[in-house]
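The values are calculated or read from the model by the stated rules, or taken from the named source; none is laboratory data. Bear in mind that the values here come from a model prediction, so they are computed numbers and not experimental data. So basically every Cβ, Gly included, is an ideal-geometry build from the backbone, and we count neighbours across all protein chains shown.
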Amino acid sequence: MSTTSAAILAATPAAIAEAGAALAAGRLVAFPTETVYGLGGDATCDRAVAAIFEAKGRPSFNPLIAHVASVEQAAALVDMTGPALTLARMFWPGPLTMVLPRRAGSPVSLLASAGLDSIAVRMPDHPVALALISAAGRPLAAPSANRSGAVSPTTARHVAQCLGGRVAMILDGGPCRVGVESTVIDLSGDRPALLRPGGVAVEALEAALGGPLSRPTDSPDAPRSPGQLESHYAPSLPVRLNAAEAGVGEALLGFGPGPATLNLSPSGDLAEAAANLFAMLRALDRPDLVGIAVAPVPEHGLGLAINDRLRRAAAPRGTP
Ligand code: TXA
Ligand code: MG
């Protein structure tokens, strides 16, 4: 076999120190965050960032998030405007990514930000991620640790299954608590804009900002995230949304009480459903089935992020 699998290592202090040294040497390390596992590399090193795009099979026009261990570290990379500082104080560490103007002299690789004059920054709420960023001594560029377009990984084993041969090391910190990626907002323009719903509820951000976030659908030229391609998070099987029941040969992914092959949350809890979403989509992606039918999920709070991922999982495939 040509692919050698990277070792999955329990995230002990010794393993974190070793991983930090590997990152500082330009190598790639997969690590846990509270949202999904990230494929980390030195955000200030073109060669490491290029290796991330290569390992994921990701188009290089799609920029990466720079992960930091403190607000001060973020402030060295981007202009932390007033609203950004307010939101950082309220939601960091946590599943909030803010797109902000690149600071003059920012060390972040231009490849990481896809040549844009903005950079996305986030401080993850996971002790292993924070210790690793500190051990590496630099911001870490880290997309979700899956091949581009596939379902995001919420365990170390998921990472090994799709990227095993392409990373130096996989740090195991157990299953991810939140289960969907961070909420991405753009604070670099005139009006704060929502680029991707995620682990922080949009309602909470709008309350903190004291006004609505503009949405990509608001106007044709509203800010968009280059990463929001239509088909994404896709299992191999077709996905059918808002299903009342399973059709012949389909599995039913349920939400709330009632019969289901697997249930995102029998009690109808959106946080529990988000935490289960990607692992259950993987578990139902079986060759003996013809499709995955998914019960309706309410469109509020974390439901926005869940429905966003489900719509992309169900979108027509094969668009480049
Ligand atoms: O929860 C998360 O955010 C996970 C964990 C590992 O932190 N990371 C993650 O990264 O989901 P990724 O690369 O899969 O998604 C980052 C999103 C993409 O949609 C990308 O287009 C957008 O953020 N993005 C990054 N930099 C941007 C920028 N300067 N302007 C607009 N969008 C940006
Ligand atoms: Mg991703």
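Worth pointing out:
- Of all the listed residues (Leu252, Leu237), the sole one being modelled with pLDDT of 95 or more, touching an Asp or Glu at 6+ places or on another chain (Cβ under 8 Å) and not in a loop (DSSP other than H, G, I, E, B) is Leu252.
- Any hit, region 27-35, residues being in contact with an Asp or Glu (Cβ under 6 Å, 6 or more places away or on another chain) and without any contact (Cβ under 8 Å) to a residue 60 or more places away in the chain: no
- Region 152-194: number of residues that are at pLDDT below 95 and either within 16 Å of ligand 2 (Cβ to nearest atom) or out of contact with any strand residue (DSSP E or B) (no Cβ under 8 Å at 6 or more places or on another chain) (or both): 8
- One residue from Phe61, Phe53 being aromatic (Phe, Trp, Tyr) and modelled with pLDDT under 95: Phe61
- Among the residues of region 166-201, the ones that are more than 24 Å from Ala10 (Cβ to Cβ), under 16 Å from the mean Cα position of the chain (by Cα) and not charged (D, E, K, R) come to 12 in all.
- When the residues of region 83-128 are filtered to those that are assigned to a strand (DSSP E or B) and of a type in the set (D, E, K, R), the one that is nearest to the chain's Cα centre (by Cα) is Arg122.
- Entry remark, region 58-82: residues being of a type in the set (A, V, I, L, M, F, W, C) and assigned to a loop (DSSP other than H, G, I, E, B) number 7 in total.
- Highlighted here are the strands (runs of 3 or more DSSP E) found entirely within region 1-57 that include at least 1 residues which are not aliphatic (A, V, I, L, M): 29-31, 38-42.
- Taken together, the criteria exclude Leu28 from residues that are within 25 Å of Ala114 (Cβ to Cβ) and in contact with a Pro (Cβ under 7 Å, 6 or more places away or on another chain).
- Residue that is more than 10 Å from ligand 1 (Cβ to nearest atom), buried (at least 19 other Cβ atoms within 10 Å of the Cβ) and on the phi < 0 side of the Ramachandran plot, where the choices are Ser118, Ser109: Ser109
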